[in-house]
Amino acid sequence: MFLESLGKIFFLKMRPVFFFILVSSPLLITGIFILQKRFEIASFENLYESTLIKAYKSLDFRSRKEQFLTRYSSPEPYFLNQTIETLPLLQNEIKFLKEHRKHPAVTDKDQIENRLAYLTGKNKISFVEESIRSNSLYKETDEIMKRAVEMNEEDVKKVLALIENVQIGPYEPSSKSPQLIISNLTLKRKKNASIQHTFDIKLDLLKREFNKQ
């Protein structure tokens, strides 16, 4: 009886605000607990998602690395000599000059012959090896072009497709090329009176040949 009477007095004397707080505190505590758990779950989900993305990126990087090393681990050992240095340049102009020199009205045959001699003789791509470096992963060589050569736009596309390992127009790359990086490039546009615009081009390459893993 004493405790019951004490409880009645306590609740009768308590202000409504404090009474409301007292009654609602279990709900508040429960709500706060639920919110805390939701934040923990959201944080865990974000961490899981971030970890999963990192894992996918790591796998993707590893896959691309393996593909890259596989692609460049067995290059043609004489690719520059056999593929790029043998590319015929300015074939349209050569054909035009050979036909033009036969015309009976042509008076500058000596000039035509000199131009043909240059195009079919000296105007050839040629590299010389310098500064060979190697480590456990690859061998690296500086390939320096001996002299500038004349090319037209189609010749440039053809050469860049092979060097950059991408298809440019109808010109496709080679699956047997080493990794080739242009380290230096000079290009000067010129105009030949005979047929078309051409470019004086000199480019140096960095060649990497990767060891088999």
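The modelled label-to-label distance for the pair LEU206/ARG101, using points 7 Å beyond Cα in the direction of Cβ, is 4.3 nm.
Tell me the relative contact order for the stretch 86-213 as a rounded percent, counting alpha carbon contacts under 8 Å between residues six or more apart.
Details: 204 pairs, mean separation 32.0, N = 128.
Computed over the stretch 86-213, the figure is 25 percent.
Length gained on full extension, ARG64 to LYS176, computed as 0.36 nm times the residue gap minus the Cα-Cα distance: 38.5 nm. Cα centroid distance between the stretch 91-122 and the stretch 127-186, in Å? Centre-to-centre distance over Cα atoms comes out at 30 Å.
Once you have the Cα-Cα distance between LYS190 and SER126, take 0.36 nm times their residue separation minus that, and quote the gain in nm to one decimal.
Working: separation 64, 0.36 × 64 = 23.04 nm, distance 2.09 nm.
That works out to 21.0 nm of additional length.
What is the stretch 142-213 by shape, rounded, prolate or oblate, if you read a ≥ b ≥ c off the alpha carbon gyration tensor as root eigenvalues and call it rounded for a/c under 1.5, prolate for a/b larger than b/c, and oblate otherwise? Oblate, because a/c is 1.5 or more while a/b does not exceed b/c.
State whether the stretch 63-213 is rounded, prolate or oblate according to the following rule on the C-alpha gyration tensor (a ≥ b ≥ c being the square roots of its eigenvalues): a/c under 1.5 gives rounded; otherwise a/b larger than b/c gives prolate, and the remaining case gives oblate. Spell out each step's value before the answer.
On the way: a/c = 3.02, a/b = 2.41, b/c = 1.25.
It is prolate, given that a/c is not under 1.5 and a/b is the larger ratio.
Please report the net charge: other residues with Cβ closer than 13 Å to the Cβ of VAL156, K and R +1, D and E -1. With Lys, Arg at +1 and Asp, Glu at -1, the net is -1.
For the stretch 80-213, which whole-number percentage of the solvent-accessible area (1.4 Å probe, protein heavy atoms only) is attributable to carbon and sulfur atoms?
Details: 3830 of 7900 Å².
Here it works out to 48 percent.
Within the set LYS95/LYS202; LYS176/LYS212; LYS176/LYS202; LYS124/LYS212, which residue pairs have Cα atoms separated by over 21 Å? In this structure, LYS95/LYS202; LYS176/LYS202; LYS124/LYS212 exceed 21 Å between Cα atoms.
Projected label points at ALA117 and GLU85, each 7 Å from Cα along the beta carbon direction, are separated by 2.4 nanometres.
What accessible area per residue comes out for the stretch 78-121, rounded to a whole number of Å², with a 1.4 Å probe? Present the calculation step by step, with values, prior to reporting the outcome.
Details: 2860 Å² over 44 residues.
On a per-residue basis, the stretch 78-121 sits at 65 Å².
The values are calculated or read from the model by the stated rules, or taken from the named source; none is laboratory data. Predicted, not measured: the structure shown is a model, and the values here were computed from it. So basically every Cβ, Gly included, is an ideal-geometry build from the backbone, and we count neighbours across all protein chains shown. For accessibility, only protein heavy atoms count, side chains too; no ligands or nucleic acids. Shrake-Rupley method; radii C 1.70, N 1.55, O 1.52, S 1.80 Å.
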